[in-house]
Each structure stands twice: as structure tokens, then as C-alpha cells.
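The next block holds one structure in the form of C-alpha cells; read it before the comments.
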Amino acid sequence: MKDMLVLTNAEDEYRLISNALSDAHNIRQASDINTALTLHTQTPFDLIMADIELLSADPGMSAFSSVNPFVQFIVLCTRFNTCKAIEAVKAGAVGYLLSPFRERDIHLLLPALNRSRSKDFELDYLRDRFWKTEWLDIIRSKNVGMKKIFANIRSVAPTIATVLLLGETGTGKGTLARLIHWHSQRSEKPFISIHCGAIPDTLIESELFGHEKGAFTGAERKKPGRFEMADGGTIFLDEIGTISPSAQIKLLQVLQDGTFSRIGGESILKANVRIIAATNSNLEEAVSKGTFRKDLFYRLNVFPIEIPTLRERLEDLEYLVDLFLKKLNVKYGKNIHRVHPSILEGFRHYEWPGNIRELENILERAHILEISPVMTSGNLPIETQMAVAQDIPAPGTGLTLAQARQHAVNACEISYLTSLLKQTNGRIKETAQKAGITSRQLNRLLTRHGLDKKQFKPPKPPDV
């Protein structure tokens with residue numbers, strides 16, 4: 001349990017809770033229920049400690065639970081409104097604290113919280129025992145849209161229906177395709193993935209359907225295609241919108257009657273294959289422009305799944321970061337157990353044009369460079385460093401004054417130097433003069449913050 005909200009306008013109670021739990025939680029405060037619900041919607045909390053009088057206001061606990069079904073509540077009350085607190089416990093709150101309370105009282109409630117949470121997850125996994133153990137980490141999400149997607153995958157995976165995955169580059173279409181395959185009746189058979197956009201039009205038919213010896217110049221031997229390799233299993237056609245018109249016709253034949261033939265061959269081959277396709281383009285628009293066959297689109301669009309961008313599921317950011325860190329620690333033999341809180345807040349300001357794939361790549365680069373057990377912003381690319389620099393920690397974030405001051409200094413230096421380097425096109429001597437420091441001092445600062453002067457050089461003009 002990491003993300004926690006304190007819903008109270010009593011500053012002394014908030015400070016007491018923050019001091020007691022700041023080592024294990026990211027704690028925020030709201031003084032009214034509407035503000036609390038807004039914060040919870042943006043980044044769902046695991047635990048809410050709330051003044052019973054504020055929590056009793058409309059819309060109450062149910063509104064928070066609709067955003068995150070696993071959110072837990074502890075209500076804060078006085079001896080004059082204990083009855084309301086007991087009613088809240090009956091309605092699902094884990095417990096209550098009677099004001100004035102002490103740090104010891106807070107810590108006594110934590111074991112009950114953990115037992116309750118473990119039971120919730122156990123029940124959830126029992127409901128979802130359909131999922132194979134090695135995929136349980138993948139299907140965890142706080143995002144309502146992703147929860148619905150996983151529910152849809154659970155329904156469609158055991159069938160033979162064609163699935164069309166839609167979404168921007170890097171949203172995880174390949175991972176979801178494998179999730180569907182490994183939970184289908186074909187999981188013991190091959191899963192063959194092909195990136196259609198990476199293969200020239202002249203070769204795509206040969207790659208998909210194979211060719212006979214002598215079918216074209218360079219065809220020195222018979223070659224089976226991906227559909228033959230995937231016999232009995234699943235074929236994943238990534239970037240399906242890029243395939244040539246002639247390949248579209250042959251793929252339509254496979255979808256219509258389950259047959260195909262190799263290039264240059266006369267034999268009709270049976271395609272015992274489940275098709276999962278994916279695209280980051282608008283196929284309906286391509287159909288209207290005449291670049292994609294309408295009948296093929298309808299055959300592929302049997303069970304469409306639209307995957308949200310990372311910008312639309314920021315509530316999963318912390319979990320995804322933890323998941324990637326675990327993978328990277330295994331891959332590189334390190335023990336970086338968490339990222340600095342300022343990085344997570346900064347990540348929430350970043351646009352993520354490359355989505356989850358970009359997040360994983362950024363973390364891998366920083367992981368390789370990091371020498372401490374906590375990942376810091378200095379090893380992030382310049383774009384994400386700027387996003388981190390926007391977030392100056394406020395009181396209650398668990399940082400000491402010295403740490404908060406250093407964070408603010410780092411953010412200021414990164415912002416200032418980045419702006420100056422842009423003005424000078426990365427020229428060290430000119431930048432140092434404008435900053436009023438020596439070139440040696442500037443280079444030391446650039447190294448500390450992971451800034452590279454080459455990033456600010458203007459692009460070379462194309463050769464004429």
C-alpha cells in the first residue's frame with residue numbers, strides 16, 4: 001500500500017498521520033470531499049483516512065470505490081459521532097480512529113489493513129483463476145478501461161474469433177496478443193508474430209503464405225510461409241493496415257474459407273490458424289480512401305479491442321514502474337528498489353508519445369546508469385527531466401527540508417541550463433559566459449544532470 005489520502009481540515013491530525021506513515025506511503029491531503037474525489041480520479045489511492053463528517057457528505061465512499069474497487073477506508077471521528085463511524089465500518093471501512101489519537105493507534109490498525117487487503121486480492125485472484133500465474137502481473141490495473149479490456153480478453157480468448165487490437169504505438173498490443181494466445185485452446189501450439197510494416201510490399205505475400213521454387217527471381221527453393229508455421233496456433237499480424245492490395249486479397253481468402261496457396265503453387269492449403277491483427281492507424285479512414293478493402297476490414301473487425309494510451313491510464317504509472325524495475329533488476333543483476341518520488345510526479349506531467357514502450361526504454365537506460373539503490377532524475381532523457389523539474393515537492397511528501405531544497409535546486413538548474421543551451425545551440429563557452437560560470441563548472445553541471453550539449457545542436461541541413 002503506497003498511495004494514501006487524508007481527508008480532513010484538521011492540520012494537526014494530518015501532520016500526525018503524515019509523520020507516522022510517510023516512510024511507507026505517498027501521502028496527500030484534501031480538505032473537502034469534492035477535492036478528494038478529484039485527486040482520487042486522477043491517481044487512485046489505496047487508502048483514504050477521512051473525517052467521518054466530511055466522508056458522510058455526498059457522494060460518500062461508493063464514489064471512491066467505483067474508481068478503485070480495492071480502496072480502503074479508515075474513518076476519523078470524535079466520541080460524539082462514533083455511531084456514524086460504526087455505520088461506516090458496517091458499510092465497508094476497515095476501522096476507525098477516535099480523536100485525539102496517537103501514532104501508536106495508527107500503527108495498531110495497519111495489520112488489519114494488510115489482512116483485509118490480502119483477502120481482497122485473494123478473492124480477486126480466485127475470481128480470475130482463469131489467468132495463468134505468469135500473467136497475473138500483466139493483468140493488474142487500477143484503470144477502469146483496462147479492467148474492461150482484460151474482462152473482454154477473458155471472454156474472447158477461449159474462442160476462435162478474430163481479434164483486432166487498436167491503439168497507438170507502444171500501448172502493448174503485442175503483449176495483449178500473447179495474453180490472448182496463452183489463454184486460448186491453442187496455447188500449446190505456435191504463436192507466430194509478424195510486423196507487416198517492416199516487410200516490403202514485394203515480399204509480404206511470400207512471408208505470409210510462402211512460395212514455391214522458381215516462383216520469382218531469387219526463389220531458389222520452396223519456402224513455407226508464416227501461416228504454415230502457425231498451423232494449429234495463432235498468427236499475430238502487427239500493423240495490418242500496411243499490407244499490399246494483393247496480400248489483402250489472399251488474407252481475405254484465409255478469413256473467408258480458411259484456405260490459401262503459396263506463390264507459384266497450385267495446391268490449396270488449409271489454414272488452421274487463429275488470427276489476431278493490430279494497427280495504430282484508422283482502418284475505417286483507409287477504407288473510405290480506398291487503400292484498405294472494406295470486406296477485409298469487416299472480417300478483421302469481429303472483436304475489436306481499443307487500448308488506451310499511457311496518458312489515459314496514469315493511475316497505473318507507479319505499478320508499471322515497479323514492474324519494469326523488477327524485470328530490469330533480474331536482467332542486469334542490480335537492486336534498484338524504487339524511483340525517487342519526484343520522478344513519479346514528473347512522469348505524470350509528461351505526455352508519453354511512445355506510451356508504455358517509451359516508459360520501459362527510459363527506465364532501462366536510467367537503470368543501466370544508476371549507481372544508487374534509488375533511481376534519480378539525473379539519468380533520465382532531457383524531455384522527462386524537464387517534466388520532473390516541473391514538480392517541486394511540497395511538505396508532507398516524506399522528504400526532509402534538505403532533500404526538498406536539493407530537489408528544487410536540481411530542478412532549477414536543469415530548467416535554467418536547458419533554456420540557456422537552447423539559446424546558444426549547445427555552445428559550451430557561450431553558455432558558460434551567459435551563466436556567469438567557467439566552462440569547467442558548466443561541464444560538471446551538465447554531467448551531474450545528464451545533459452548533453454549535442455542535444456541542443458541545430459540539425460544539419462540536408463545535402464543538396
ask   = Quick check: is even one residue across the range 400-423 at pLDDT 80 or above, under 25 Å from the mean Cα position of the chain (by Cα) and either in the same structural domain as ARG15 (by TED's automatic domain parsing) or crowded, with 18+ Cβ neighbours inside 10 Å (or both)?
value = no
Tabulated pairs, the range 348-359, first in contact (Cβ under 8 Å) with a residue 24 or more places away in the chain, second basic (Lys, Arg) and assigned to a helix (DSSP H, G or I), C-beta under 7 angstrom, 6+ apart or interchain = GLU351/ARG311; TRP352/ARG311
query = Going through the range 298-317 one residue at a time, which ones are touching an Asp or Glu at 6+ places or on another chain (Cβ under 7 Å) and either crowded, with 20+ Cβ neighbours inside 10 Å or closer than 30 Å to LEU255 by Cβ (or both)?
reply = THR309
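Could you check, for the range 211-218, whether at least one of its residues is within 34 Å of the chain's Cα centre (by Cα) and assigned by TED's automatic domain parsing to the domain that holds GLU168? Before the answer, list the steps.
Going through the range 211-218, the residues within 34 Å of the chain's Cα centre (by Cα) turn out to be none.
No; the residues of the range 211-218 include none that is within 34 Å of the chain's Cα centre (by Cα) and assigned by TED's automatic domain parsing to the domain that holds GLU168.
Any residue at all in the range 229-243 that is aromatic (Phe, Trp, Tyr), within 25 Å of the chain's Cα centre (by Cα) and not in a strand (DSSP E or B)?
Residues of the range 229-243 that are aromatic (Phe, Trp, Tyr), as a first pass: 236.
Pick out the ones that are also within 25 Å of the chain's Cα centre (by Cα) and you get 236.
Remaining after also requiring not in a strand (DSSP E or B): none.
Taking every residue of the range 229-243 in turn, none turns out to be aromatic (Phe, Trp, Tyr), within 25 Å of the chain's Cα centre (by Cα) and not in a strand (DSSP E or B).
If you scan the range 286-315, which residues turn out to be farther than 16 Å from GLY354 by Cα and either polar (S, T, N, Q) or in contact with a His (Cβ under 8 Å, 6 or more places away or on another chain) (or both)? Don't jump to the end; show me each part of the working.
Filtering the range 286-315 down to residues farther than 16 Å from GLY354 by Cα leaves 286-306, 315.
Across the range 286-315, the qualifying residues are SER288, THR291, ASN301.
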request  = Report yes if PHE101 is touching a residue at least 40 places away in the same chain (Cβ under 8 Å) and surrounded by 14 or more Cβ atoms within 10 Å (Cβ to Cβ), otherwise no.
outcome  = yes
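The values are calculated or read from the model by the stated rules, or taken from the named source; none is laboratory data. All figures in this text were calculated on a predicted structure; none of them were measured in a lab. All Cβ positions, even for glycine, are placed from backbone atoms using ideal geometry, and neighbour counts span all protein chains on display.
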